[in-house]
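Asker: This structure is in structure tokens; I'll ask about it shortly.
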Amino acid sequence: MQNTLTIARRELRSFFDSLVAYVVVGLSMITVGLWFFVANGGVWQVDRANFGRMFEALPWLLSILVIPLVTMRSLAEEKRSGTLELLITMPVKDSEVILGKYLAAWGMCLVLLACSLLYPIAMFVWPWHLGSLDWGPIWSGYFGLALFSAAGCALGLLFSSLTESQIIAFFFTAFLLGALIVLGMLAQWVHGLLGDVFSFLSFESRFEGFARGLIDTRAIIYFLSISVVCLLIAFRSLESRKWS
């Protein structure tokens, strides 16, 4: 566990030593702010203390920008530069490498989510107090987003383990995560067995309950299962390099 945390700290520090962390957080905060406050009249048109608009934007932002950016270099860049061979020959296990890089990518997503909390705090706690806010759906929504990003980071790490190109890893991750959100939208229009399949697979459908303040154990199991399966496949992909 010590090796895992050491790798995670090193990877997380590398985000802040480069421009990655600042670009991700800066662009994300600007995008969420514009969608929340400006687009289509913003939250002011809702006429109640509701942060549903933010929970509409954050899954898309995580899927299309944040998760692909923070996972694309995790293993792909190390494989391309040859430093991965050096890393796995050190006295660390392959599982520790995978988990360390995964925790760093997930930690970067959690940093972004923590920053986005500034919006409800600024509006309803300090420096403004625009009324009372039901914090239950806020916390459940953020819990759902943490699970959403955990599964997404595992998926991104999987693609990063399968290629030496950061660009390929980025686009495959963004495409698949975007598709898993679109499936939830299609499920509202497609009925019958196909609609049920779309809803079962969709990240968006699984997250909707959390955004409404509901803690769904089936969604928790779904996101955790995706995370475990993707990490296991990434581990096997890394392990196979020893025999190639």
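Asker: Determine the gain in length on full extension of the stretch L214-R10; use 0.36 nm per residue of separation and subtract their C-alpha separation, reporting nm with one decimal.
Answerer: Separation in residues times 0.36 nm, less the Cα-Cα distance, equals 69.9 nm.
Asker: Also, quick follow-up: State whether the stretch 156-202 is rounded, prolate or oblate according to the following rule on the C-alpha gyration tensor (a ≥ b ≥ c being the square roots of its eigenvalues): a/c under 1.5 gives rounded; otherwise a/b larger than b/c gives prolate, and the remaining case gives oblate.
Answerer: In terms of gyration-tensor shape, prolate.
Asker: Estimate the FRET efficiency between W60 and S95 by the formula 1/(1 + (r/R0)^6), using the beta-carbon distance for r and 30 Å for R0, to the nearest 0.05.
Answerer: My answer for the efficiency is 0.40.
Asker: Let me ask something else about it. Quick one, could you list the DSSP H helices from the chain stretching 27 Å or more along their long axis (Cα atoms) with average Kyte-Doolittle hydropathy of 1.6 or above?
Answerer: What comes out of the filter, once short or polar helices are dropped, is 166-187.
Asker: Could you tell me which label, among (i) 65, 39, 31; (ii) 51, 43, 41; (iii) 60, 48, 30, carries the value of Cα extents along the principal axes in Å calculated for this structure?
Answerer: Step by step, Cα extents along the principal axes in Å for this structure corresponds to label (iii).
Asker: Under 8 Å for C-alpha pairs, at least 6 residues apart: give me the relative contact order for the stretch 135-244, rounded to a whole percent.
Answerer: After rounding, I find 42 percent.
Asker: Can you run phi through the Karplus equation (6.51, -1.76, 1.60; θ = phi - 60°) for the stretch 64-72 and list ³J(HN,Hα) in whole Hz, with x for Gly and Pro?
Answerer: Karplus values, whole Hz, x for Gly and Pro: 8, 10, 5, 4, x, 5, 7, 9, 4.
Taken together, the values in this text are just the output of simple stated rules run on the coordinates, not laboratory data. These numbers come from a predicted model, not from an experiment. Positions of Cβ are backbone-derived with ideal geometry, glycine not excepted, and every protein chain shown enters the neighbour counts.
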